[in-house]
Amino acid sequence: MIIDIQNDYFDKGAMTLVNPDEACTNAKRVLERFRAEKLPVIFIQHIAANPAATFFLPGTAGAEIHPLIQPMEREKVIIKHFPNSFRETELLDYLKAINITDLVICGMMTHMCVDATTRAAKDLGFNITLIGDACATRNLEINGEVVCAKDVQNSFLAALNYFYSAVKNTSQYLKLD
């Protein structure tokens, strides 16, 4: 499952992340493995429904899935409007219909949609492998203090690795057979 790897998160996008190109390249490597093995691929695409939204606006180039990982005809694209990819979408029904019990997740933003979806998936009974270096986030701020993206990334991945998923990097995952 590839979550929200969309143009607005890249250079000159409306919500540029830190190192989105590296994360996208790693997601592509995992995607290529899934395609080669003819495994199901699901793209999650966030389209803003909130009138006050500043990115992923309907009908904009920023909301489009990044060109490096464009979905193929047989691959499922699920549109969502909330950080949790299961909320008010067909995702759970689709996964059940194709008998999926294990998920491999990557995408953007680690601290928001990847986190919300991973936690929800675990709560729904799925086994999850999260590809940490195929995810990206951004600097955050709290109480006037900036938390750098690297620390945000590491904190969220460490938290998710405890109970919600097995966090691996792309190279580790691709060696598993």
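For the reader, a short list of remarks on this structure follows.
- Helices (runs of 4 or more DSSP H) wholly inside region 72-174 containing at least 2 residues that are buried (at least 16 other Cβ atoms within 10 Å of the Cβ) and among the β-branched types (Val, Ile, Thr): 115-123
- Test: residue 59 is buried (at least 19 other Cβ atoms within 10 Å of the Cβ) and free of Cβ contacts under 8 Å to residues at least 40 places away in the same chain: no
- Only one of the listed residues (80, 38) is within 21 Å of residue 119 (Cα to Cα) and of a type outside the set (Phe, Trp, Tyr). That residue is 80.
- So residue 168, is it closer than 13 Å to residue 26 by Cβ and either within 16 Å of the chain's Cα centre (by Cα) or modelled with pLDDT under 95 (or both): yes
- Scan of region 35-56 for residues that are surrounded by 14 or more Cβ atoms within 10 Å (Cβ to Cβ) and among the β-branched types (Val, Ile, Thr), ordered by number: 41, 42, 44, 47
- Pairing residues of region 135-155 that are within 23 Å of residue 2 (Cβ to Cβ) with residues that are among the basic types (Lys, Arg) and modelled with pLDDT of 95 or more, at Cβ distances under 8 Å and at least 6 apart in sequence or on separate chains, gives 149/138; 152/138.
- Filtered residue count, region 1-19, keeping only those that are surrounded by fewer than 24 Cβ atoms within 10 Å (Cβ to Cβ) and in a helix (DSSP H, G or I): 1
- Remark: pairs (first residue in region 1-15, hydroxyl-bearing (Ser, Thr, Tyr); second residue crowded, with 20+ Cβ neighbours inside 10 Å and part of a helix (DSSP H, G or I); Cβ separation under 8 Å; 6+ apart in sequence or on different chains) = 9/20.
- Residue 110, sole failed condition from (1) modelled with pLDDT under 95; (2) within 19 Å of residue 160 (Cβ to Cβ): (1)
- Test result for residue 25, touching a residue at least 12 places away in the same chain (Cβ under 8 Å) and farther than 27 Å from residue 103 by Cα: no
The values are calculated or read from the model by the stated rules, or taken from the named source; none is laboratory data. Source: prediction; values computed, not measured. As a convention, Cβ positions derive from the backbone with ideal geometry for all residues, glycine included, and neighbour counts pool all protein chains shown.
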